[in-house]
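Scroll down for the structure; my scribbles are underneath it.
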Amino acid sequence: MGYFEGFRITFKEMFKPRVTTSYPEELRPKPERAHGRHVLNRHEDGMEKCIGCELCAGVCPARCIYVRGADNPTDAPISPGERYGFVYEINYLRCIHCDLCVEACPTEAITESKLFEFSFTNRADAIYTKRELLVGDDGRPQRLPWELWSDDDEANTSAWVRATASSGRADYEGRVGWSAELGYGIRAPEVGQAGEDAVATADDRHGHGDDVGHGHGGGH
Amino acid sequence: MTDIAENGTEAVRGVAVTLNGRVIDAQPGELVINAAERAGVYIPRFCHHPRMQPVGMCRMCIVEIDTGRGPALLPSCMIPVAEGMVVETESPVTRKAQDGVLEFLLVNHPLDCPVCDKGGECPLQDQTVAFGPGESRFVEEKRHHEKPIAISDVVQLDRERCILCDRCTRFAKTVAGDPLISFVNRGNETEVNTFPDHPFASYFSGNTVQICPVGALTATPYRFKARPWDLDQVESTCTSCSVGCRVAVESSSNQLVRYLGVDVDAVNWGWLCDKGRFDFEAVNSENRLARPLARQGDDLVEVSWSDALTKAASALGGAKERHGSSSIAVVGGARLTNEEAYAWSKLARSVLGTDSVDAQMGDGLPSDVVLGLPRATIDETCAAGTVVLLGPDLKEELPILYLRLRDAVVNHGLNVIEISASQTSMTRYAAVSLRYRPGEAAVLVQELFEHAGDVDVQADLGRARALLEANNVVCVLGRPSVAERADSVVQAALRLRSRVPGMRFLSALRRANIHGALDMGLSPGMLPGRVSLEEGREVFTEAWGQLPGSVGLDTAGVLRAAAEGRIQALILVGADPLADFPDRDLARRGVAGAGFVLAVDCFATDSVRQADVVLPAVSYAEKAGTTTNIEGRVSRLHQKVTAPGTTRPDWMIACDLAERLGGDLGFETAEAIWDEIERLAPAHSGLTAQRLASSEGLEGIVAAGPSSILETTMDVTATATLPVDGYSLRLVSTRKLYDNGTLVQQSPSLAPLAPGEVVRANPADLDRLGVASNDRVRVASSRGAVVAPVEADAAVARGTVLLAFNQSGSGAADLIDVSLPVTEVRVETVGIGDREVSG
């Protein structure tokens, strides 16, 4: 039989749905909590959330973040409070997207989008500065010319993509533990480890909030 | 305790205390908190500080103590140990109490740790994690205050964060003696603040930032510059003045951001003055010289090291060949480390062949007096029977020495006799304050011992005489004023010494490493190791190849010779005679008259701009080496950051020049220089690099040198009363801590603190002259005239007028003629308030 036996697998697979995509013409949706290029968020009033505390730089295992704080000018404040992030740089040749910076951030200023498709032609370009990391006036990540964005990359870039609740407790369910954010508003509470049963109580007027609170809580 | 009293002799006997079930051996009178710490048990604390009296403010250190009446919660920082005492620091009761205290301390403490400069090194953070509650129960609104308020130019106060531990206020009152901050209001409203219209303008205000256990007090120069976890630290020695305080130099991203005082018993006890603490900004300055410069026409243009060194070497070689070695002079060197000073000393003597080297700028004392008189350390001075102050205002010039002496007076009853021309900051601590007419210090000392003088000072003189009878008298000797010649002060000191047997001296020369420079022979007629040219000739000729034949000129002599065209090459090693030499006219003529001027410096000072070749040198914290303080204590300096541009260490510059002049100093590293110093310099024999690097060297090791070099021919007995000109006032010109020097002016935080040029005179003198306070006056001497505002100040003695040296646009140097024993000036009004009176 030998001759046709060899084609058994081939013929079987011919009638199954195709999983290979023609990358990059065709982009697959990314997992809900994929870790990609960072963004620096703003408060709803447009102020920067970063206060230049350097906790992200301190926790970074790849030592790819460089932050310097400065005195916030009182006449034209850049962030609420005394101090703002004066310099913020991430070296993407070093970053391993572990998200510890997101965990460490006390103000949810730094979070990650799902974008990983970006490349450079020299080392200096791999260092993103604050100008590139900051979200735009609409609260959405800037789509820089050398980056390949698909629409879901920027969905839910906000702080809910944390492994733990902002209080640090995994069972901190059903409460909003984060602040309002430009472009996203106040998001629905996270359901935490308990799964689907937790009740969403937060105001999710703004955009993406509605599909957040359900279904994704268990995995990360 | 009673048996100790009965025996009388049993001074130190252990007290047995049970600490957490273990019997420990405490010292009598020791506080429980300290005894526990020595035994390895850390009791949390906020207000307790080893260098200040306990107050028991914060209650953090309460532990269960049983003194025989049953266990009770007592503050361990207030309770001395007693025989049989039982202390429990880890019992549930203690834990609960500590937890409760922390919860209360946190009630009003804002959780802005991420923006707080203290976050990451904060005792409140650390102890809350270690001893405090895991979670807050406090949901109410916290106390709010304006964040932060500037209580001085360099210190900011955030009252929300303050936990009222009384450390800063106690420091200001009991250590610094500047009680300018205090608790105000009561109860829940209590806060630390300054008094209205009186900023916390203390020279020591930076220490409150260092000892604040929370982030309530922060330093403006460090504000938001870095976080504790990205700081690199190295222990070094401060060279802002010559006290030699130990500091921790901290940098972040290769930039200096902060100095912290290191607690060493022998010197600074952990304190620093604000100048020393904040002048790291000058090292970071954009204005640093980064590349060699050479003169092309009227301009100094950047050249390569090779070109600059070749140009300098050919000028020096040419001068030596055509006009002889004595036409070359080296001025300056107090900025250098010991190693660098030695290299320059060797270059000057063995390669250039000149003995005209002087690290002093004509504002110090003769080097044989500084090096030759028997010495006392700071500790010995503070423990002396009587201390005679014959020198500058210590708070202005050697601030930490002032703190140490003040502590000795206030807490240990030290008797101080002050001999000065006007009131100083030590006057209020002096047992007797004697005033002399500028230029006549020796006359006063004569009167002291001969029962002469006016009737109204007889009582003071008598008391001073009685105090001088004490065992163990130490004289703090410096240059009280640059407007009088050093002779009279030296004569006064020698006269005191001849009348007070066993008297020892502590030098009060202020420049950074001036004592190291003098030790290394940067003074005419001196060789490294405190030996004179003749004494050391044999040893050093063998080691160095050749020595100059005769004693050279000091700075004043060099400038005078240069003005007369007898100096063909003048080398300024970190020296700015146009700003620092007391007689600016002579300095100007000298620098202009020198055939060729080579400047080695960190900044383009006035004198550097006159130079023909400028070689940029590395600065503090950019080089390693050793430095020597007022006591002769040698301690190590460490490199922390990389120097800007192509700057080189001064020793390397000396070696490079020697090489191009056909000589060879024989040094590859700074360590090799120290090995040669240790081998050749008598005073430094045995001070090996290993010893200095060992734990013994942490606070520095005093180089105990020979004192046989004092060869003064001065007539100690002659009295020189100067004729009194009834129309003139005598000028007193002293330094303020913040002046027009590069260190202060290149530090943006310190530069505005320089008080500026103000003439001060006694109100009675001003009345007599018909001048009102705040008028603008013209002060004229035989040399020149200065116009400045005048202030009536009763602290200035009658017949004198005070004008600080080297302030912005300072004219004191324009008035002084160094050839005269004292500067006499006439004062006349030229305007009222800000208005000029037109001719």
Within segment B:523-618, helices (runs of 4 or more DSSP H) holding 3 or more residues that are crowded, with 23+ Cβ neighbours inside 10 Å and in contact (Cβ under 8 Å) with a residue 24 or more places away in the chain
B:555-563, B:584-593
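From the list B:Arg465, B:Arg404, B:Arg428, which one is in contact (Cβ under 8 Å) with a residue 24 or more places away in the chain and basic (Lys, Arg)?
Numbers: B:Arg465 fails: in contact (Cβ under 8 Å) with a residue 24 or more places away in the chain; B:Arg428 fails: in contact (Cβ under 8 Å) with a residue 24 or more places away in the chain.
It is B:Arg404.
Looking at the structure I just gave you, is B:Gly413 at positive phi, free of Cβ contacts under 8 Å to residues at least 24 places away in the same chain and either over 19 Å from the mean Cα position of the chain (by Cα) or outside the structural domain of B:Ala313 (by TED's automatic domain parsing) (or both)?
Considered against the rule, which asks whether it is at positive phi, free of Cβ contacts under 8 Å to residues at least 24 places away in the same chain and either over 19 Å from the mean Cα position of the chain (by Cα) or outside the structural domain of B:Ala313 (by TED's automatic domain parsing) (or both), B:Gly413 comes out as yes.
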Would you mind stating whether A:Arg63 is in a loop (DSSP other than H, G, I, E, B) and more than 24 Å from B:Lys225 (Cβ to Cβ)?
no
A careful count of residues in segment A:48-105 that are touching a Leu at 6+ places or on another chain (Cβ under 6 Å) and surrounded by fewer than 22 Cβ atoms within 10 Å (Cβ to Cβ) gives 2
If B:Ala464 satisfies all but one of (1) in a loop (DSSP other than H, G, I, E, B); (2) of a type in the set (Gly, Ala, Ser); (3) buried (at least 24 other Cβ atoms within 10 Å of the Cβ), what's the number of the condition it fails?
(1)
Does B:Ala794 fit the bill of being closer than 13 Å to B:Thr829 by Cβ and either hydrophobic (A, V, I, L, M, F, W, C) or not assigned by TED's automatic domain parsing to the domain that holds B:Pro480 (or both)?
no
Could you list all residues from segment A:78-116 that are in a loop (DSSP other than H, G, I, E, B) and more than 13 Å from chain B (Cβ to nearest Cβ)?
A:Tyr92, A:Leu93, A:Arg94, A:Cys95, A:Ile96, A:His97, A:Cys98, A:Asp99, A:Ser113, A:Lys114, A:Leu115, A:Phe116
Kindly provide the set of residues from segment A:41-74 that are of a type in the set (Asp, Glu) and within 9 Å of chain B (Cβ to nearest Cβ), ordered by number.
A:Glu54, A:Asp71
Does A:Leu27 satisfy the criteria of being away from every other protein chain (no Cβ under 14 Å), in contact with a helix residue (DSSP H, G or I) (Cβ under 6 Å, 6 or more places away or on another chain) and in contact (Cβ under 8 Å) with a residue 24 or more places away in the chain?
no
Residue that is nearest to the other protein chains (Cβ to nearest Cβ), among those in segment B:112-128 that are of a type in the set (D, E, K, R) and closer than 23 Å to A:Gly85 by Cα
B:Asp112
Considering segment B:306-358, residues that are hydroxyl-bearing (Ser, Thr, Tyr) and within 19 Å of B:Ala681 (Cβ to Cβ), and then whichever is farthest from the chain's Cα centre (by Cα), we arrive at B:Ser350
Starting from segment B:100-128, keep only residues that are modelled with pLDDT of 95 or more, then list their pairs with residues that are among the aromatic types (Phe, Trp, Tyr) whose Cβ atoms are within a distance under 6 Å, requiring at least 6 positions of separation or different chains.
none
For segment B:388-427, enumerate the residues that are over 30 Å from B:Thr823 (Cα atoms) and either surrounded by fewer than 24 Cβ atoms within 10 Å (Cβ to Cβ) or charged (D, E, K, R) (or both).
B:Arg404, B:Arg406, B:Asp407, B:Ala408, B:Val409, B:Val410, B:Asn411, B:His412, B:Gly413, B:Leu414, B:Asn415
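For segment A:117-137, indicate whether the set of residues that are among the polar types (S, T, N, Q), within 14 Å of chain B (Cβ to nearest Cβ) and in a loop (DSSP other than H, G, I, E, B) is non-empty. Please lay out each step first, then the result.
If we filter segment A:117-137 for residues that are among the polar types (S, T, N, Q), which is where we start, we get A:119, A:121-122, A:129.
Now narrow it down to the ones that are within 14 Å of chain B (Cβ to nearest Cβ): none.
No, segment A:117-137 contains no residue that is among the polar types (S, T, N, Q), within 14 Å of chain B (Cβ to nearest Cβ) and in a loop (DSSP other than H, G, I, E, B).
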Only one of (1) over 27 Å from the mean Cα position of the chain (by Cα); (2) without any contact (Cβ under 8 Å) to a residue 12 or more places away in the chain fails for B:Asn193. Which number is that?
(2)
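The values are calculated or read from the model by the stated rules, or taken from the named source; none is laboratory data. Keep in mind it's a predicted model, so treat the numbers as computed, not measured. FYI the Cβ positions are ideal-geometry reconstructions off the backbone, even for glycines, and counts take in every protein chain you see.
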